[in-house]
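Asker: Before I ask anything, let me first share the structure, which is written out below as structure tokens.
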Amino acid sequence: MKLAVAGKGGSGKTSISGTMARLLARDGRRVLAIDGDSNPNLALTLGIPHDRLTAMPTLPRDLLDRSGGGAVLTKTLDEIRASHSVEGPDGVTLLVMAHPQHAGTG
Ligand SMILES: Nc1ncnc2c1ncn2[C@@H]1O[C@H](COP(=O)(O)OP(=O)(O)OP(=O)(O)O)[C@@H](O)[C@H]1O
Ligand SMILES: [Mg+2]
């Protein structure tokens, strides 16, 4: 199952996403959370300290091969998860996409 949450600023996207992810993980499902926000803060909702994210490398540009017209991953999802994710207290795995350069909530 893949769930995408989008909507108006400040409408509760991060709160709902984090809560759903944690509840599903507590029920024993494998949950991979991806925060596509340019100011990512889903980690906070998942209970993952900021320090653990900044210690991780961000996703490299060559992860996508666009030479064939479309975009193709050059590594498997398991490989990406192994090198670019952290696990929260309820067992949610958060993919580390980028590091925020400024503080903020939302
Ligand atoms: N159900 C709710 N009841 C009351 N307050 C809520 C509820 N859900 C979220 N909030 C609060 O509303 C604010 C915005 O929530 P949240 O950060 O989840 O929204 P967002 O859509 O992710 O925002 P942004 O567009 O800035 O990323 C936060 O202060 C949050 O604590
Ligand atoms: Mg948000």
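The values are calculated or read from the model by the stated rules, or taken from the named source; none is laboratory data. What you see is a predicted model; the values in this text were computed from it and never measured. Glycine gets a Cβ as well: all are built from the backbone with ideal geometry, and neighbour counts include every protein chain shown. Note: areas computed on protein heavy atoms with side chains; ligands, DNA, RNA excluded. Shrake-Rupley method; radii C 1.70, N 1.55, O 1.52, S 1.80 Å.
Asker: Given a Förster distance of 22 angstrom, what is the FRET efficiency for V72 paired with A98, based on the Cβ-Cβ distance and rounded to 0.05?
Answerer: Values: r = 21 Å, r/R0 = 0.96.
E between V72 and A98, to the nearest 0.05, is 0.55.
Asker: Set the Förster radius R0 to 35 Å, insert the Cβ-Cβ distance between T19 and L59 as r into 1/(1 + (r/R0)^6), and round the FRET efficiency to 0.05. Kindly include the intermediate steps, with their values, before the conclusion.
Answerer: Values: r = 25 Å, r/R0 = 0.72.
After rounding to 0.05, the efficiency reads 0.90.
Asker: OK, next. Give me the percent relative contact order of the stretch 1-47, please, defined on Cα pairs under 8 angstrom at least 6 residues apart. Please list the in-between numbers first.
Answerer: Details: 24 pairs, mean separation 18.2, N = 47.
39 percent.
Asker: Among residues other than D78 whose Cβ falls under 15 Å from its Cβ, what is the net charge (Lys/Arg +1, Asp/Glu -1)?
Answerer: On the way: positive: R30, K75, R81; negative: E79, E87.
With Lys, Arg at +1 and Asp, Glu at -1, the net is +1.
Asker: Taking Cα pairs under 8 Å and at least six residues apart, what relative contact order does the chain come out at, in percent?
Answerer: Values: 127 pairs, mean separation 35.9, N = 106.
34 percent.
Asker: Cα gyration tensor of the stretch 20-106, axes a ≥ b ≥ c as square roots of the eigenvalues: rounded (a/c below 1.5), prolate (a/b > b/c) or oblate? All intermediate terms of the calculation are to be shown ahead of the outcome.
Answerer: Working: a/c = 2.07, a/b = 1.36, b/c = 1.52.
Judged from the Cα gyration tensor, the stretch 20-106 comes out oblate (a/c at least 1.5, b/c at or above a/b).
Asker: Excluding K13 itself, what net charge comes from residues whose Cβ is under 11 Å from its Cβ, given Lys and Arg +1 and Asp and Glu -1? Intermediate results must be reported in sequence, preceding the final value.
Answerer: On the way: positive: K8; negative: D35, D37.
Counting the neighbours of K13, the net charge comes to -1.
Asker: Counting DSSP beta bridges with both partners in the chain, what percentage is antiparallel, nearest 5? Present the calculation step by step, with values, prior to reporting the outcome.
Answerer: Values: 5 of 8 bridges.
Beta bridges within the chain, antiparallel portion: roughly 60 percent.
Asker: Determine the share of the stretch 13-95's accessible area contributed by carbon and sulfur atoms, expressed in whole percent, with a 1.4 angstrom probe.
Answerer: On the way: 2740 of 5200 Å².
Accessible surface attributable to carbon and sulfur in the stretch 13-95 totals 53 percent.
Asker: Longest span of the chain, sites excluded, free of trypsin sites (Lys or Arg not before Pro) in DSSP loop with at most 10 other C-beta atoms within 10 Å?
Answerer: On the way: sites that count: K2, K8, R30, R66.
Of all site-free stretches, the longest is 67-106.
Asker: Moving on to the next point. Determine the sum of side-chain charges near I48: Lys and Arg each +1, Asp and Glu each -1, restricted to other residues whose C-beta is under 12 angstrom from that of I48.
Answerer: Neighbour charge sum, excluding I48 itself: -2.
Asker: Another one. Run the quick spin-label model on A82 and R30: label points 7 Å from Cα toward the beta carbon, then report their separation in nm to one decimal.
Answerer: Modelled inter-label distance: 1.3 nm.
Asker: Okay, moving on. Might you tell me the accessible area per residue for the stretch 13-95, computed with a 1.4 Å probe and given in Å²? Numbers along the way, then the final one.
Answerer: On the way: 5200 Å² over 83 residues.
Here the residues of the stretch 13-95 average 63 Å² of exposed surface.
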